[in-house]
């Protein structure tokens, strides 16, 4: 099976997306210019899979504050059973909310595996679509994020602002 790669440049930074014809397999944050440079999109006329184009569209909408969930199919088949359980639990964290590592551990029935949950979050292959940025320390502190704490903070701020804006719109619409 062929995998396609594309670099997606946003105001948050550059992301590398990988897909096959049907699923998004990876979204990673490019932390350095060298990483960007070595994987530039060189085939301007190339036709990418529909799933890839839809993922970049939805990612842009999310980063612009106009999307709260994703509908593109994701397939994370390279993890252990434990990692897959964690990644599945991450999918259940609602937009604009956070959970602690210990809450995720309890949710998957492994309450003492808090550090292992952190490790699984760090190995999440599909950033943002599988929202590991919504996992924080037990006192709400920002801890570990494979793409860096600055991006994690920016994503949580984006979701916080979008939630506040949605509440204001709903309040205005109801006439209160």
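All of the numbers you see were taken from the coordinates with simple rules; none came from a lab. Remember, it's a predicted structure, so these values are computed and weren't measured experimentally. Positions of Cβ are generated from backbone atoms using ideal geometry, with glycine treated the same way; all protein chains shown enter the neighbour counts.
Assuming R0 = 35 Å, can you tell me the calculated FRET efficiency for the pair residue 53 and residue 112, based on Cβ-Cβ distance, to the nearest 0.05? Each step should come with its number before you reach the end.
Details: r = 43 Å, r/R0 = 1.22.
So the FRET efficiency works out to roughly 0.25.
Report the extension gain between residue 119 and residue 161 in nm, rounded to one decimal, defined as 0.36 nm multiplied by the number of residues separating them, less their alpha carbon distance.
12.3 nm
Taking the mean number of other Cβ atoms within 10 Å as a proxy for protection, how do you rank 59-68, 130-139 from highest to lowest?
Ranked by mean Cβ neighbours within 10 Å, highest first: 130-139, 59-68.
Averaged over every viewing direction, what's the projected area of the C-alpha convex hull for region 49-162? Give it in nm², one decimal, please.
That works out to 6.8 nm², a quarter of the Cα hull's surface.
Label-point separation (nm) for residue 67 and residue 138, each offset 7 Å from Cα along Cα-to-Cβ?
Each label point is offset 7 Å from its Cα along the Cβ direction, giving 3.6 nm.
With each pseudo-label sitting 7 Å past Cα toward Cβ, what's the residue 102-residue 78 distance in nm, one decimal?
3.3 nm
What does the C-alpha gyration tensor say about the overall shape of region 76-116? Classify as rounded when a/c is under 1.5, otherwise prolate if a/b is larger than b/c, or oblate.
The shape class here is oblate.
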